[in-house]
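The values are calculated or read from the model by the stated rules, or taken from the named source; none is laboratory data. Being a predicted model, the structure only gives us computed values, none of them experimental. Cβ placement follows ideal geometry from the backbone for every residue including glycine, while neighbour counts extend to all protein chains displayed.
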Amino acid sequence: MNSQRSADIRRTTRETDIRVQVNLDGSGASKLASGLPFLDHMLEQVARHGGLDITVEATGDLHIDAHHTVEDIGITLGQAVQQALGDRAGITRYGHAYVPLDEALSRVVLDCSGRPGLVYAVDYPRARVGDFDVDLLREFFQGFVNHALVTLHIDCLRGGNAHHIAETVFKAFGRALRAALAIDPRAAGSVPSTKGSL
């Protein structure tokens with residue numbers, strides 16, 4: 001990755017071994033091998049609709065369940081975004097997006113505030129999409145915000161299909177992230193805060 005706004009993070013624990021590469025100024029390309037096809041499908045939405053290049057290589061204790069792998073991918077992606085952002089000078093800081101998919105509609109609002117916070121108001125009509133436990137999606141976003149140091153509000157406004165709901169959440173997350181991370185040409189490289197730092 002040749003962008004200055006890029007990072008390559010490796011995180012290894014007794015439960016998982018994860019490498020994440022990001023390029024914040026990419027073309028939406030992704031190379032995903034989480035061991036969880038549904039999660040790969042969701043992360044592909046973030047890359048494509050967020051205009052980020054994302055690579056994920058993960059192995060984890062999937063013989064137990066997917067919890068550690070999903071959470072740790074969120075953590076590692078958050079670390080990668082945090083590193084790629086540097087001092088956050090010149091970024092737009094805020095982003096939001098509404099994304100529909102058939103009957104489902106989700107809204108994501110994001111602030112690259114330097115403070116971790118998650119509000120996750122998403123109800124799924126069933127517990128699983130295929131063999132993937134949708135409860136784990138909240139764990140992904142919690143891991144992400146804790147390590148990217150962002151405030152993230154996710155609301156599913158309506159929806160009856162669990163796959164559609166999850167997909168609108170991840171697409172809207174990608175679009176909101178794209179807006180927040182964009183360089184604001186009017187900022188002249190300054191940090192977007194009256195405090196002078198984020």
* Return a yes/no flag: does segment 107-124 have any residue that is part of a loop (DSSP other than H, G, I, E, B), more than 18 Å from the chain's Cα centre (by Cα) and closer than 14 Å to E167 by Cα. => yes
* Scan of segment 134-147 for residues that are crowded, with 16+ Cβ neighbours inside 10 Å and closer than 21 Å to H41 by Cβ, ordered by number -> V134, L136, L137, R138, E139, F140, F141, Q142, G143, F144
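Against the condition without any contact (Cβ under 8 Å) to a residue 60 or more places away in the chain and surrounded by 22 or more Cβ atoms within 10 Å (Cβ to Cβ), how does I165 come out, does it pass?
Here the answer is no, as I165 does not meet what is asked.
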* In segment 12-38, which residues are in contact with a Lys or Arg (Cβ under 6 Å, 6 or more places away or on another chain) and buried (at least 20 other Cβ atoms within 10 Å of the Cβ)? -> I18, L24
* **Residues of segment 105-128 satisfying the condition of being closer than 23 Å to I91 by Cα and buried (at least 16 other Cβ atoms within 10 Å of the Cβ)** => R107, V108, V109, L110, D111, C112, S113, G114, P116, L118
* Asked: Restricted to segment 45-69, and to residues that are crowded, with 23+ Cβ neighbours inside 10 Å and assigned to a strand (DSSP E or B), which residue is modelled with the lowest pLDDT?
  -> G60
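Restricting segment 77-89 to residues that are assigned to a helix (DSSP H, G or I) and over 10 Å from the mean Cα position of the chain (by Cα), which is farthest from G60 (Cα to Cα)? Steps first, answer last, please.
Restricting attention to segment 77-89, the residues satisfying the condition of being assigned to a helix (DSSP H, G or I) are 77-85.
From what's left, over 10 Å from the mean Cα position of the chain (by Cα): 79-80, 82-85.
Details: Q79: 18, A80: 19, Q82: 23, Q83: 23, A84: 25, L85: 27 Å.
Result: L85.
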* Asked: Filter segment 34-57 for residues that are within 16 Å of the chain's Cα centre (by Cα) and of a type in the set (G, A, S); which is nearest to L110 (Cα to Cα)?
  -> G50
